[in-house]
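J.: First the structure, which I've put down as structure tokens, then a few questions once you've had a look.
Read the figures in this text as sums done on the coordinates, not as results from a lab. Predicted model only: the values in this text are computed from it and were never measured. As a convention, Cβ positions derive from the backbone with ideal geometry for all residues, glycine included, and neighbour counts pool all protein chains shown.
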Amino acid sequence: HTIVNELGHTAARDFLSGTQTVVNFWLLNHGFSIGIGDTIADKETMNSITNIISTAKSRVSDIILAAQQDKLECEPGMTIRESFEAKVNQALNKARDDAGKKAQSSLREDNNVKQMVVSGSKGSFINISQMSACVGQQNVEG
């Protein structure tokens with residue numbers, strides 16, 4: 001706006017063209033890309049994630065056993081099947097969230113995937129969780 005008012009349309013066009021040239025040059029030489037290395041967690045983090053998933057599997061096994069022995073209680077407003085799936089989903093979603101938080105906290109600040117999510121340009125923290133830790137339960141009924 002100021003360039004147009006003070007120097008005219010041609011100067012504004014030349015300024016924007018020059019700015020775009022500088023940006024293009026920078027992107028060409030300092031491009032931003034992500035690779036599989038940006039999603040791999042360290043050994044300690046993987047051990048923690050494995051423990052979280054094992055605990056969730058154990059919890060789901062307990063829920064299945066309770067259902068098989070007719071000890072599973074219906075949740076209000078749900079059938080026994082809906083209650084079963086809700087409890088399984090709750091256990092597995094908690095595992096996914098906990099594993100994802102662990103994976104996210106292990107990523108360095110200069111990690112390209114984390115930078116994309118934090119800046120808001122692409123993706124979300126759940127995507128980091130899915131790439132680094134686990135995808136989570138996919139709902140069957142709903």
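J.: Could you size up the charge dipole of region 36-132 around its Cα centre, putting +1 on the beta carbon of Lys and Arg and -1 on that of Asp and Glu, and report it in debye to the nearest 20? Each step should come with its number before you reach the end.
T.: Details: 13 positive and 13 negative charges, 27 e Å.
For region 36-132, the charge dipole is close to 120 debye.
J.: Something else: How far is it, in nm, from the label point at residue 82 to the one at residue 127 when both lie 7 Å from their Cα along the line to the Cβ?
T.: Placing both labels 7 Å beyond Cα along the Cβ direction yields 3.4 nm.
J.: Hey, another quick one. To make sure I understand the rule: partners must be aspartates and glutamates, Cα under 17 Å from the Cα of residue 101, and not fewer than 8 residues away in the same chain. Which ones qualify?
T.: Qualifying aspartates and glutamates at Cα under 17 Å: 38, 42, 44, 109.
J.: For 36, 128, which order do you get if you count the other beta carbons within 10 Å of each Cβ and list the fewest first?
T.: Values: 36 7, 128 22.
By the 10 Å Cβ count, ascending: 36, 128.
J.: Let me ask something additional. Can you check what the Kirkwood hydrodynamic radius comes to for the chain, Cα pairs only, in Å to one decimal?
T.: On the way: mean 1/r = 0.0523 Å⁻¹.
When all Cα pairs of the chain are included, the Kirkwood radius is 19.1 Å.
J.: What's the whole-number percent of alpha carbon pairs in region 20-67 lying beyond 14 angstrom?
T.: Numbers: 811 of 1128 pairs.
I get 72 percent for the Cα pairs in region 20-67 exceeding 14 Å.
J.: Within the chain, what's the longest run with no GluC sites (Glu not before Pro) in a DSSP loop and at most 16 other beta-carbon atoms within 10 Å? Give the range, please.
T.: After excluding every exposed loop site, the longest remaining stretch is 1-72.
J.: To continue, here is another question. Along the charge dipole of the chain, Cβ charges K/R +1 and D/E -1, which of 91, 76, 123 sits furthest on the positive end?
T.: The Cα lying farthest towards the positive end belongs to 91.
J.: Counting other C-beta atoms within 10 Å, which of 61, 106 has the fewest, and how do the rest follow? Spell out each step's value before the answer.
T.: Working: 61 11, 106 18.
Ordered from fewest to most neighbouring Cβ atoms within 10 Å, 61, 106 come out as 61, 106.
J.: Straight distance only, please: which aspartates and glutamates reach the Cα of residue 87 with their own Cα at less than 16 Å, same-chain residues fewer than 8 apart left out?
T.: Leaving aside aspartates and glutamates fewer than 8 places away in the same chain, those within reach of residue 87 are 62, 70, 73, 75, 97, 141.
J.: Also, I was wondering about something else. What FRET efficiency do you get for residue 5 and residue 32 if R0 is 30 Å and r is their Cβ-Cβ distance, rounded to the nearest 0.05?
T.: Values: r = 35 Å, r/R0 = 1.17.
Result of the calculation: an efficiency of 0.30.
J.: In which sequence would 40, 63 go, from the one with the fewest C-beta neighbours within 10 Å to the one with the most?
T.: Going from sparsest to densest Cβ surroundings: 40, 63.
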